[in-house]
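What follows is calculated from the coordinates using simple rules that are stated; it is not laboratory data. The model shown is predicted, which means the values in this text are computed figures rather than measured ones. Here the Cβ is made from the backbone with ideal geometry for all residues, glycine too, and neighbour counts use every protein chain on show.
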Amino acid sequence: MKFFIDSADVNEIRAANERGWVDGVTTNPTLVAKSGRSFEDVIKEICTITTGPVSAEVISLKADEMVKEGVALAKWADNVVVKIPMCEDGMIAVKKLTAEGIKTNVTLVFTPMQAILAAKAGATMVSPFVGRLDDIGNDGMAMVNDVVQIYRNYDFATEVLVASVRGPLHLQQAALIGADIATIPYKVMQQMTGHPLTTKGIDMFLADWNKAKGQ
Ligand code: G3P
């Protein structure tokens, strides 16, 4: 299973990468705005931190403009993946960008049917949003399970990138389902590391060691 970090904060990305947790990066306009930096600067810097795929999202809503933006984004670095929102124009753009050899990530996917359409258009990755579905009382992970199952039934090459991850349990469930990738906020990666019994165990071992040494 590949882990991407869902962030536009280069310090977080570097920290996660140092720990071996970064197979790629996803950003979105909200995360880039939060970084306070120019879109181009931040994406170009992220692309030097990892050789893995780095998703950069278009902001146009018309197919031709999305394609133009996507072609420009793909020139920023070899590992840029153009993130396109799920909509009819988006699917036209995905098909055109795919034909030009540019990788795409279809975002804002909330149903298995949207995921099938993204795969049919030739998307490299599809991003089902788990947390935002949970937020409105739906079962986000059940949707991911359906997407993975459907892609397997028909051998779709599109990778399932679980997005809108809110906690460690989402990761455990995504891994059990067999999703290809999860994109994870750094805070959640840190939550996944810890356990009270691990902390207690470390303290106990150190106390015993120091006692034996007469300290
Ligand atoms: O980057 C897309 C997605 O992971 C956003 O998550 O937490 O804003 O729903 P969230």
Of the residues that sit in segment 124-136 and are within 15 Å of the ligand (Cβ to nearest atom) and not in a strand (DSSP E or B), which one is surrounded by the most Cβ atoms within 10 Å (Cβ to Cβ)? 130
Working carefully through the options 42, 81, 67, find the one that is assigned to a strand (DSSP E or B), in contact (Cβ under 8 Å) with a residue 24 or more places away in the chain and farther than 20 Å from residue 131 by Cα. 81
Out of everything in segment 143-164 that is in a strand (DSSP E or B) and touching a helix residue (DSSP H, G or I) at 6+ places or on another chain (Cβ under 6 Å), what residue ends up being surrounded by the most Cβ atoms within 10 Å (Cβ to Cβ)? 162
Residue check, residue 115 of a type outside the set (S, T, N, Q), touching a residue at least 24 places away in the same chain (Cβ under 8 Å) and either within 20 Å of residue 79 (Cβ to Cβ) or within 12 Å of the ligand (Cβ to nearest atom) (or both): no
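Filter segment 10-27 down to residues that are within 13 Å of residue 184 (Cα to Cα) and either in contact with a Phe, Trp or Tyr (Cβ under 7 Å, 6 or more places away or on another chain) or in a loop (DSSP other than H, G, I, E, B) (or both), then give me how many there are.
Of the residues in that region, 9 qualify.
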Those residues that are over 16 Å from residue 182 (Cα atoms) and part of a helix (DSSP H, G or I), I need them from segment 114-123; list them, please. 114, 116, 117, 118, 119, 120, 121
Residues of segment 148-168 classified as within 16 Å of the ligand (Cβ to nearest atom) and either basic (Lys, Arg) or over 16 Å from the mean Cα position of the chain (by Cα) (or both), total: 1
Only one of these conditions is not met by residue 34: (1) surrounded by fewer than 15 Cβ atoms within 10 Å (Cβ to Cβ); (2) closer than 23 Å to residue 158 by Cα; (3) within 16 Å of the ligand (Cβ to nearest atom); (4) not β-branched (Val, Ile, Thr). Which number is it? (2)
If residue 167 passes every condition in (1) free of Cβ contacts under 8 Å to residues at least 24 places away in the same chain; (2) surrounded by fewer than 17 Cβ atoms within 10 Å (Cβ to Cβ); (3) closer than 18 Å to residue 3 by Cα but one, which one does it miss? (1)
